[in-house]
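First the structure, in the form of structure tokens, and then the observations on it.
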Amino acid sequence: MSIRSSRSSSSSTRSTEGTSPRSSASCTSCWYRDEAINLLYGEEDAAAFSLPKNVYLIGTMNTADRSIALVDTAMRRRFAFLSLHPDDEHMASVLPDWLQRHGLPASVAAIWGQLNERIPDKEFKIGPSFLMSQSVVTDKGLDRIWRTAILPLLEEFHHGD
């Protein structure tokens, strides 16, 4: 897959094939941050646009919504996608790595794993971001995360069951 800038005078193209999810997720060497492009609707003499180092673009999509099917198709033609589903192999280390970097116990990742093992439907599994908080290591913090984030989500998923 390639990404092209629309009105660039040099018609720059950079391939994204072979990019590993681990390297692109960290954005320490994201090639697109180092290249400026001319914006499609920008003035001819305007300075080229580049993405600031402190801005990350993360898109999410609900594929069950048929009203956005054309947008979904258009996005898939233009961008490379990386699934961030909790069952995906490259996601298994996200929470343990985060916990280790922050000096927090690995037991939190074990709780996350046990929770997802008990959820049979892949679409209802809980992502690691719910537990990526310093407060998760305290009983009070874990209780708050459970009551205000995880449990309401599970209840929404199973409304009417």
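Each value in this text was obtained by applying a stated rule to the coordinates, not by laboratory testing. Small disclaimer: the values here were computed from a predicted structure and weren't measured. Cβ sites come from the backbone with ideal geometry, for glycine too, and all protein chains shown count toward neighbours.
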Taking the stretch 62-158, which chymotrypsin sites (Phe, Trp or Tyr not before Pro) meet the DSSP loop condition and have no more than 13 other C-beta atoms within 10 Å? 79, 81
Between residue 54 and residue 161, the two model label points (7 Å from Cα along the beta-carbon direction) sit apart by a distance in nm of 4.2
The stretch 89-157, relative contact order in percent, only Cα pairs under 8 angstrom and at least six apart counted: 29
If each residue's Cβ is checked for other Cβ atoms within 10 Å, how do 34, 45 rank with the fewest at the top? 45, 34
Under 13 Å from the Cβ of residue 147, count the other residues' Cβ atoms, weight Lys and Arg +1, Asp and Glu -1, and hand me the total. -1
Give a quick list of GluC sites (Glu not before Pro) in the stretch 43-136 that DSSP marks as loop, anything other than H, G, I, E or B, with at most 10 other Cβ atoms within 10 Å. 43, 44
